[in-house]
Amino acid sequence: MSDCKYIIVGSGFSGSVLAERIAARLNEKVLLIEKRGHIGGNCYDYKNENKIIIHKYGPHLFHTNNKEVFDYLSKFTKWSNYIHKVLAYIDGVKIPLPFNFNSINKLFKPDKADKIKKKLLLHYKENTKVPIFELLENDDEDLKYIANFIYEKIFLNYTIKQWGKCPEKIDKSVSARLPVFIGYDDRYFSDEYQGVPLNGYQELFKNMLSQPNIKLLLNTDFQNICSIKEDKIYIYGKEYKGRLIYTGPIDELFGYKYGRLEYRTVNMEFEELETKYFQESAVVNYPNDYDFTRITEFKHIHPIEIGTDKTIILKEYPKDAVSYEDIRYYPFFTKESAELYDKYKNLAKGYDNLILLGRLAEYKYYDMDDVVERALEVYKKEQNEYGNL
Ligand code: UDP
């Protein structure tokens, strides 16, 4: 094992893309270590007895503007042309998100709606995106009204549920993920390429990893094999000179030496209902009602050919990740957590043969396409340095 040139920890997108590239392109043996009993990280999905594809760790909708990323993944899957639509339940009405002109039409009487839309078009270009905090800065009275309305009805309470804090206390890049749209586009994402793998993510990951150069160890805790100290990596107590590509939590890698990085986890509550469909779209957000943030109905994401009279929904209850069992879904961006992460990052710099990547290892709110892009970049660098290994 310790004579293997590449050890990769974690089989989510980061680890799997690198394993695939190194195995297929560098023709090197890769040992891929996965703590869970399945590959694919939080993209894991499965078909239930009624052929409904369920995303075990919450809804994963693929979207990207990066052609290279899309083309690369397309080698391992066909895509459905699913376009993600989200509704928000506001004052008894379901309106489209991102907040756009259709949302305005649903909420206000025609005169008022027209006035707001005209004002928005006077100040912003048509078909552009405006982050809520930018809209809130506008001095025009009508725009102040609508900005405050959107802030209070869409962002404030959802963010408190999601993060335990109000939007001002969270890095602005988080609320900017859901901008206000100046026009009639109802799609949740405006990226050029979007969809889900036709037969689910598991098939995609299996296609990536099924090759003789990749040895996969499932149900294997990396901590039981490897230790890391004083700028050296040890595998079963023997110094390891190959590359260690680590995609797990950076604080865990260093034994929480400086303390735990903050994360939010989500209690996922699935329900099977005796009805063909429960709601009108794949996701409905509930910013102001109930304790959960949103309900996902999987049948909308992967429509099934032979209908079933049952449906599966998922309610998400976010909370702080406090125990070691809590799945770390969302890095929590505060000044303190950024400083703590930097301390771990500096520690990692001492290890010449350690590569960190992914949401957990880099403590970044990456989307799936960001991760694949990053993994392809890391691979290219590795390819260039390969001759010197
Ligand atoms: N958000 C909100 N209200 C909503 C949806 C999103 O306030 O109805 C904010 C919230 O702070 C959330 C962020 O926008 O964390 C990003 O939302 P996104 O849908 O991208 O979150 P994800 O799907 O990654 O959980």
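Each value in this text was obtained by applying a stated rule to the coordinates, not by laboratory testing. Here the structure is a predicted model, which means the values were calculated and not measured. We place every Cβ from the backbone using ideal geometry, glycine too, and count neighbours over all the protein chains shown.
Observations, loosely collected:
- Basic side chains Lys and Arg get +1 at the Cβ, acidic Asp and Glu get -1 at the Cβ, and with that the dipole of the stretch 199-287 about its Cα centre reaches some 720 debye.
- Pairwise centroid distance, computed over Cα atoms, of the stretch 159-213 with the stretch 254-311, Å: 14
- Distance between modelled label sites at ASP191 and TYR256, nm, 7 Å Cα→Cβ extension: 3.4
- Taking each residue as 0.36 nm, the span from GLU274 to LYS67 lengthens on full extension beyond its C-alpha to C-alpha distance by 70.4 nm.
- Placing unit charges on each Cβ (+1 for Lys and Arg, -1 for Asp and Glu) gives the chain a dipole about its Cα centre, and among SER281, TYR379, PRO96 the Cα reaching farthest toward its positive end belongs to TYR379.
- Here the Gaussian network model covers the chain, with springs between Cα atoms less than 10 Å apart; of PHE332, PHE278, PHE149, PHE149 fluctuates the most.
- In sequence order, calculated HN-Hα J values of the stretch 270-285 (Karplus, 6.51, -1.76, 1.60; Hz; x Gly/Pro): 8, 9, 9, 10, 8, 8, 5, 9, 9, 9, 7, 9, 4, 10, 10, 8
- Inter-centroid distance (Cα atoms) of the stretch 315-365 relative to the stretch 1-80, Å: 20
- Computed E for LEU217/ASN148 - FRET, C-beta separation, R0 45 angstrom, nearest 0.05: 0.25
- Lys, Arg +1 and Asp, Glu -1 on Cβ, resulting dipole of the stretch 285-337 about Cα centre, debye, nearest 20: 100
- 20 Å reach of a label modelled at ASP114, 7 Å along Cα-to-Cβ, counting backbone N of the stretch 158-189: 183-184
- Gyration tensor (alpha-carbon) shape descriptor, the stretch 287-389, a/c threshold 1.5: oblate
- Mean residue ellipticity, 222 nm, helices only, the chain: the sum of -39500 (n - 2.57) across DSSP H runs of n ≥ 4, divided by residue count and rounded to 500, is -8500 deg cm²/dmol.
- Cβ charges +1 (Lys, Arg) and -1 (Asp, Glu), total dipole of the chain, debye: 520
- Shape of the stretch 235-350, Cα gyration tensor, a/c cut at 1.5: prolate
- Phi-based couplings in Hz for the stretch 367-383 (Karplus 6.51, -1.76, 1.60; Gly and Pro marked x): 8, 4, 5, 4, 5, 5, 4, 5, 5, 5, 4, 4, 4, 4, 5, 5, 4
- Contact order normalised by residue count of the chain, Cα under 8 Å, 6+ apart, percent: 26
- Fluctuation leader among ALA23, ALA375, ALA176 - the chain, Gaussian network, Cα springs under 10 angstrom: ALA176
- Counting other Cβ atoms within 10 Å as a rough exposure proxy, the listed residues CYS166, CYS43, CYS226, CYS4 run CYS166, CYS4, CYS226, CYS43 from fewest neighbours to most.
- For the chain, modelled as a GNM whose springs connect Cα atoms under 10 angstrom apart, the maximal fluctuation among MET368, MET208, MET268 occurs at MET268.
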